[in-house]
Ligand code: UD1
Ligand code: CA
């Protein structure tokens, strides 16, 4: 009787992880590949890879890609995983057939679904260890679900038995089988030798005419190999995102869990159900997040900050003790400790706001370096500008950084005072301690400690209005 390959007693089994990620995702009705749809702020597949590479080195993790393979590869290539191309997607069994050559050097392969992003490294390890301890050819992770519709059901060899007879897909279920609550989670461990010996025996004899990996349970049973179930206590971890509704549900669960983790670590989040915080965001203790805030991407927020309502902060680094007043959009920026931003400020990529600096109402910054303690409090555009420490930028100031063809830089040295409504036509430099008069148009460099005025002189025509009113005529 053939037996599952027993691992050599003196070494750990060589383990590969295969992630099935080639499908189109028909049920999403999308032009984008299913595994690139995002939950918790990153693609489904990125979550699964993150769990996998905690269990095995990235080179032993094989993403099986097919539909829009180049896009999928590009989006996760930075993780260092290997790829297998499944040119035609003829089912989950076919996906594994495609990976045959890649899997040959291994003893065990753990198979993950690229569309089930909640799986954790600890469950993958438990599945692997259970599989090894049972000396099985196939171990499938199972879960009990209140509403199992859509999932494959587990037919055990007996009520109390660990051994599995077969997995039956939703559209082949008999009326009695529909009552089975134990579902196939879509995660498996296989011993590579019996898998490769038998995988050719899969057939397309099913309503979708596909090669189902789930049929390996029956195929291996026929070959007298051992097939067992490893039940997980946590049905949450195995949810798959096949429809928009399921994706949104998974997204909500990820974000709720994220908020709970942050709160457990000392962050106050008021009305967390109104906040959107991505999986990889980091926030320090004693920071308060008010309702309706989005914190996205690789954002890091320090301790003792207050992020007031209606802010959207993405891919930014915010220091300790920063106050972000309501309605700010901060993207790809750095804000140093104790700075005050907003309300309604827009920090665009490349902006670096120094310690204790203020960026106030309706101020837009792009590629700005604003020094320690400097202030730009009202109605201002600061683009491609390097501003020193202790500078006061008056209301309505504009750096004219674009000449229609190229971008140019404005340099404002320490201690400068820029009067309201100044326009600084770059490239231009205002030297240390200089003053720029209100409403000046500055086109030439201003030396240190001087006053620059670049505006028309005021003239007053006495009696002009009175004369217009009485005669309808005016002299000039
Ligand atoms: C699958 C299982 C079902 C289980 C459920 C758990 C099969 C036949 N059914 O159903 O028993 O309850 O997962 O979530 O396996 N894929 C490929 N190549 C293909 C086809 C699919 O890589 O040719 C990938 C998909 O991109 C997806 C994964 O395999 O990431 C699972 O495929 P999917 O079509 O979502 O299977 P389910 O219908 O969810
Ligand atoms: Ca699925």
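A short reminder: the numbers here are calculations on the coordinates, not readings from a lab. Because the structure is a prediction, the values reported are computed rather than measured. Please note: Cβ atoms are built from the backbone with ideal geometry, for glycine as well, and neighbour counts cover all protein chains shown.
If N is the number of residues in the chain, what value comes out of its Cα radius of gyration divided by 2.2 N^0.38 Å? Could you put the intermediate results ahead of the total?
Working: Rg = 31.6 Å, N = 476, 2.2 N^0.38 = 22.9 Å.
Here the Cα radius of gyration is 1.38 times the empirical estimate.
Would you please put 187-194, 314-321 in order of how densely packed they are, using the mean number of other Cβ atoms within 10 angstrom per residue and starting with the highest?
Values: 187-194: 25.5, 314-321: 19.8.
In descending order of packing, they fall as 187-194, 314-321.
What spacing in nm lies between the two simple spin-label points modelled at residue 101 and residue 133, each 7 Å away from Cα in the Cβ direction?
Those two pseudo-labels are separated by 3.8 nm.
So what is the relative contact order for region 39-94, in percent, with contacts set as C-alpha pairs under 8 Å and at least six apart?
Values: 44 pairs, mean separation 19.6, N = 56.
The value is 35 percent.
Take residue 181, project a point 7 Å from its Cα along the Cβ direction, then tell me which residues of region 107-144 have their backbone nitrogen under 14 Å from it.
Answer for this model: 143-144.
Over the Cα atoms of region 235-368, what radius of gyration and what Dmax do you get, in Å?
In Å, with Rg to one decimal and Dmax whole: 15.2, 49.
Evaluate E = 1/(1 + (r/R0)^6) for residue 74 and residue 160, where r is the Cβ-Cβ distance and R0 equals 56 Å; express this FRET efficiency to the nearest 0.05.
Working: r = 48 Å, r/R0 = 0.86.
The formula returns an efficiency of 0.70 here.
Determine which residues of region 225-250 fall in the zone a paramagnetic label at residue 264 would reach in this model, i.e. backbone nitrogen under 11 Å from the point 7 Å along Cα→Cβ.
Once the point is set 7 Å along Cα→Cβ of residue 264, nothing inside region 225-250 turns out to lie under 11 Å by backbone N.
For region 320-374, state what percent of all Cα-Cα pairs lands in each successive 5 Å bin, counting from 0 Å until the bin that includes the largest distance.
In order of increasing distance, the bins hold 6, 25, 34, 31, 4 percent.
Give the relative contact order (percent, whole number) for region 212-294; include only Cα pairs under 8 Å separated by 6+ residues.
Details: 64 pairs, mean separation 17.0, N = 83.
Reported relative contact order: 20 percent.
Using 1/(1 + (r/R0)^6) with R0 = 30 angstrom and r between the beta carbons of residue 407 and residue 451, what's the FRET efficiency to the nearest 0.05? Please list the in-between numbers first.
Numbers: r = 28 Å, r/R0 = 0.94.
Rounded to the nearest 0.05, the efficiency is 0.60.
On a full-extension model of 0.36 nm per residue, what is the gain between residue 273 and residue 257, subtracting their alpha-carbon distance, rounded to one decimal in nm? Walk me through the intermediate numbers first.
Working: separation 16, 0.36 × 16 = 5.76 nm, distance 1.08 nm.
Fully extending the segment from residue 273 to residue 257 adds 4.7 nm.
Can you compute the helix-only [θ] at 222 nm over the chain? Use -39500 (n - 2.57) per DSSP H run of at least 4 residues, normalise by all residues, nearest 500 deg cm²/dmol. Write out the running numbers ahead of the final one.
Details: 9 runs with 85 residues, N = 476.
Dividing the helical sum by the residues of the chain leaves -5000 deg cm²/dmol.
May I ask you to derive the relative contact order of the chain, considering only C-alpha pairs under 8 Å and at least 6 residues apart, and to give it as an integer percent?
On the way: 1236 pairs, mean separation 39.6, N = 476.
Relative contact order comes out at 8 percent.
Can you tell me the FRET efficiency between residue 223 and residue 320 if r is taken as the Cβ-Cβ distance and R0 is 56 Å, rounded to the nearest 0.05?
0.35
Quote to one decimal, in nm, the extra length available between residue 465 and residue 443 on full extension: 0.36 nm per residue of separation minus the C-alpha distance between them. Before the final figure, lay out each step's value.
Working: separation 22, 0.36 × 22 = 7.92 nm, distance 3.47 nm.
Length gained between residue 465 and residue 443: 4.5 nm.
For residue 54, project a label point 7 Å along Cα to C-beta. Then give me every residue of region 110-139 with its amide nitrogen under 14 Å of that point.
What the label zone holds, given the 14 Å backbone N cut-off, is 117-127.
Give the Rg (one decimal place) followed by the Dmax (whole number) of region 394-476, computed from C-alpha coordinates and expressed in Å.
17.9, 55
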